[in-house]
Structures are given as C-alpha cells and as structure tokens.
Amino acid sequence: MSKLIVLSNRVSLPNPDKPAAGGLAVALQDALDETGGIWLGWNGEQINNDQQAEFGRINNKNVEYLTCPLTHQQYEQYYCGFANNTLWPAMHERADLIECNAEEYETYQQVNRLFAEKLKDIAQPDDVIWVHDYHFFSVARYCRELGMQNKIGFFLHIPFARLVIWRQIPMANRLIQDLCQYDVVGLQTEHDQNLCMQACTTLLQAQKIQQYLLSYQKRITTIKCYPIGVNPDHIQKVARQYADDSQSVFDFDALGKQQTIIGVDRIDYSKGLLERFNAYSDFLATYPEYHRQVTDLQIACPCRLDIVAYQELFKRLKEKVKTINAQFAQDDWLPIECSHDVVAHEALMGIYRKSSICWISSIRDGMNLVAKEYIAAQDPANPGVLILSKYTGAAEQMPEAIIVDPEDPKAMVQALKLALDMPQEERIRRYQKLIAGLKAFDINDWRNAFLVDLRQNNELQNFKRPGRDTANPVYQLL
Ligand code: ADQ
C-alpha cells in the first residue's frame, strides 16, 4: 500500500512528558500509523540566517516524524509575515489588519519550495501527500515543477476569503493558481467551498465542470467541504473520568452551586474574546440578581506574541478581565477566573463536563472544535448549553445550539440569559440532536472522506475535458 505523507506547519510529536494531544493530532497519527507514513514540518525552533537547516528524525510505531528549524528570517517573513499578517487576517475578514509585503511573500514561497523539495526527496511515486493549512498554498506548484505526479491534497482549517478580500492582495491570482495544482482542496464548510470555487472560476476563469470539480489548465481539482469533527466516544469516556479531577485549573468545589460558563480560546482577534467579555459585563450590569450565581471561567492561551496585533490583544484582554472583576467582584465572588495555561486534553474534557454553559463568540472561525468537544463531553442526563457564534463553521452543523451574532451586544446578553435559564428538558432535547450530529460524522470520518477522495482523484485526471470526448465513460459519470 502506498504510504501517507502529512505536511503541516507544526508537527505534533508523540511525547509522553507533554500534555496529551488533541483529536486532530491523534486522527492524523492514526491514519499515518495505519498505512505507514511520514509527518513533515517545522520543529518550532529558529536558527541563524546563514545556518543550514537540517531535518531531525523521530520514529514512533509505524510513523516517522521529520522536522526542521526555520531561520530567523523565515520565521519573521514566512510565519509572522505572509502567513499570519497577510493570509490569516484576509481569511478572517480583517481587511484592516492585512499587511502585504513582496519580500515576505518571496520568503513564504521559499519555505513552500523548501518543503516541496523535501517531499520530492522522501516520496515514492505512489505515495499520497496531505498538506495542511494556509502556510502552504503553493507547495503543490513546486512539487509539480519538480516533476512529481503524486496525489497531493490540501486542507484549509480556516475560513476561505471572499473575492473582495482576495482582490486586495496583489499576489492573489498566483496563490489561487497554485491551489489548483492540488488534486483535492478541502474546506470546512459549504460556504467556504462555494467561496473557493468562486475565486477559482472568477480570478482564473477556471471551469467548474461538476458540483465539486474544477478544471484548470490540464488538471482536475476536487473542491469540496469536509467538516472536521471530534471523537465523541473517546471524549465522553475521558470527560467522565476527569470530571472530578482535583488537579483542575479551576476549583469547582469552591464554586458550590453557581452556574459556570466556560470559554477556551487561543488569544486571537478572530475569537471575539473582547466582545464576549463586554457582553458578560453588560449582562452583570443588567441582571444583578445573577451576581454570585454565575462565574465565567476562561482558558485563554496567548499565541503569536511576536506579532504586534497579538501583543496588543493580550494586553487589552488582561485589562478587560481586571476591569470587570474590579467593577463587580464581591468578597467571596470573582465574576471571571482566567487561566493562560495550556491544559492537558483529558483535564480540559473534565472541565467541559463540569461547566453549565460553553460560550463561543468567534468573529470568524473555520470550524471551532471547542464547540464540538464541549457537547461530546456532556453528561447526557444533565447536559450543559452551547452558545455558538453564527460565524463559526460549527454553526452550519450545530443549529440546536443557541446561535448568536457576537457583534450584536444585546443578542449576546439575551443568549446568555436564555442559556442560564434553560430547563433541563430543553437542554436534553438540544443535546441529543447535537451529539447525534457529532457521531454521524466524526474525526475519523473526516479524515477518511478526504483520503478516499484524494486517492480516487486518480481516475479523474485521465478523463478528457468537456468538448473533446464526451463518450469517455468517466466523463459521463460527472
Ligand atoms: P484553532 O483556531 O486553534 O484551530 P479550535 O478549532 O477551537 O481553534 O481548536 C483549538 C483546539 O485547541 C481545541 O481542540 C481545544 O481543546 C485546544 N485548546 C485550546 N486552548 C487550549 C489550552 N489552553 N490548552 C489545551 N488545549 C487547548 C484551527 C482553526 C479552527 C479549526 C481548527 C481545526 O482556526 O477554525 O476548527 O483549526 O480544523
């Protein structure tokens, strides 16, 4: 059987000394383990610009992990620059934060080429390559230039930008052309799938030949949504085990009979953390009868702190928490408890189970796995309530959550009130639909659906394009 090669910016190394890996890392490791495989990417370290990057190798079971450092310049211009200061804000509708710089784009291309060259070194002709996320729009182009005919798939974990945003990026056409060098481009939602198809047909005049198929130059690319999921059975089991974890970052016993709201986010402007804290503050001001009856528990991990927008957000967030606590705290009650720690996956599942409400307020979000993890972790007999931003990919699949517009402060306050007051019967009714949805398409289904389409794309490449030979049997199936 051909092996699977995964490329992602960061590689999740199996490490018994670190907090347990989340569902995505486990699902990819399982897929690699099944067929034998390689996971390739950056090791998180930096070297001097004049040093030569060398790949390190770790073997675990059937999987080989190949990682290398980036030079300081690559880190600044590829990672902090074009990936996170151009593409990330573009995809998350923050046109005001897009910085577009030709030199950073060149370095982004250089890093994409570097990983393509490594792929060329390690891949056999029948190996299947799965590239992850916005750091690597152009890898397939370089692989093709190096003569590789392998099946190469791309999954975008974040939203796809609208045309009006792409038009603000001078190198948009080039990037979309590069995307068409993949055999399968996977998106999180139908909405993203449509935006991606539209960008290809409008910017490149590529031809849509069937619901999911695009023809551009000599290649047929599948453009299709594969909504990422979680492993609900596993989460249910560990959440039960860890619900009474005495090592938890929050002391639930000390909170007594209070209701609790959990929020788990990287500190990123796409997550709407300030909008949520503002709404919580409005709620406490409007409904004083809830003081001492509810506590907001926030796990907010800082990230990308070498980027100014992230440093500023972290600062503003800490100030906001301080202000709300100073305004409303009473002797034995703190309205917000906030932790900036990385929490082990199992412990986090236990925290979800103990929390009455999970409040997700992203301004834009590819999927939002926290929403799915929270539901999977609930006690079926007494489940909590999910408040979910309409701007998450998860909202497309979880309509039984309380769906809210995080940019509408009044709607946010009312959503919280509704969640706090929701009777048990109604919570159970919503939970049953939500958990059935999670089980119907879990993380393994996501991975398998993508890989099946990627492997099958083989047959599509051989069929003749419309207008030439419509008698071709494969064409007639389309
Ligand atoms: P993220 O933006 O990181 O992911 P999300 O989908 O919520 O967002 O995933 C975060 C994951 O990290 C969850 O599994 C969560 O449990 C975990 N996590 C968060 N904070 C943590 C902490 N402090 N300690 C331990 N674990 C923590 C990107 C996209 C999303 C998309 C995912 C997956 O931005 O839209 O859903 O990829 O495709």
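Around Leu334, what is the net charge, scoring Lys/Arg as +1 and Asp/Glu as -1 over all other residues with Cβ under 12 Å from its Cβ?
-3
Keeping all protein chains in place, calculate the accessible area per residue for the chain (probe 1.4 angstrom), answer in Å².
For the chain, the per-residue accessible area is 43 Å².
Go through Lys315/Lys410; Lys257/Lys372; Lys271/Lys390; Lys237/Lys417; Lys390/Lys433 and tell me which ones have a Cα-Cα distance over 20 Å in this structure.
Lys315/Lys410; Lys257/Lys372; Lys237/Lys417, as the Cα separations exceed 20 Å there.
Based on the mean of other beta carbon atoms within 10 Å per residue, what is the order of 174-187, 315-328, most packed first?
Those peptides, ordered most packed to least, come out 174-187, 315-328.
In region 356-408, which GluC sites (Glu not before Pro) fall in coil by DSSP and have 16 or fewer other Cβ atoms within 10 Å?
Glu407
Shape verdict for region 178-239, please, from the Cα gyration tensor: rounded (a/c under 1.5), prolate (a/b greater than b/c) or oblate.
Prolate, since a/c reaches 1.5 and a/b exceeds b/c.
What does the charge dipole of the chain about its Cα centre add up to, to the nearest 20 debye, if the Cβ of each Lys and Arg holds +1 and the Cβ of each Asp and Glu holds -1?
1280
Of all accessible surface on the chain at a 1.4 Å probe, what whole percent is carbon and sulfur?
45
Once the other residues with Cβ under 13 Å from the Cβ of Asp126 are scored (Lys, Arg +1; Asp, Glu -1), what is the net sum?
+2
Given the chain, what percent of its DSSP beta bridges are antiparallel, to the nearest 5?
Expressed as a percentage, antiparallel bridges in the chain total about 20.
So for region 179-258: antiparallel DSSP bridges make up what percent, rounded to the nearest 5?
The antiparallel fraction comes to roughly 65 percent.
If you count only protein heavy atoms and use a 1.4 Å probe, how large is the accessible surface of Thr71, to the nearest 10 Å²?
Looks like 20 Å² after rounding.
Roughly how many Å is it from the Cα centre of region 135-167 to that of region 187-257, as a whole number?
Spelled out, the Cα-based centre of one part sits 17 Å from the other.
Let a ≥ b ≥ c be the square roots of the eigenvalues of the Cα gyration tensor of region 231-326; is it rounded (a/c under 1.5), or, if not, prolate (a/b larger than b/c) or oblate?
Oblate is the answer for region 231-326, as a/c is 1.5 or above yet b/c matches or exceeds a/b.
Cα centroids of region 57-126 and region 324-347: how far apart, whole angstrom?
So the two Cα centres are separated by 36 Å.
Quick one: how many Å² of Arg292 are accessible to a 1.4 Å probe, rounded to 10?
Counting only protein heavy atoms, Arg292 exposes about 110 Å² to solvent.
Just to make sure I understand: if all protein chains stay in place, what is the order of Cys200, Cys303, Cys338 by accessible area at 1.4 Å, largest first?
Cys338, Cys303, Cys200
The values are calculated or read from the model by the stated rules, or taken from the named source; none is laboratory data. Everything numeric here is computed off the predicted structure, so don't read it as measured data. Ideal geometry is used to build each Cβ from the backbone, glycine not excepted, and the neighbour counts take in all protein chains shown. The protein model used for the area step is the full one, side chains on, heavy atoms only, and it has no ligands, DNA or RNA in it. Shrake-Rupley method; radii C 1.70, N 1.55, O 1.52, S 1.80 Å.
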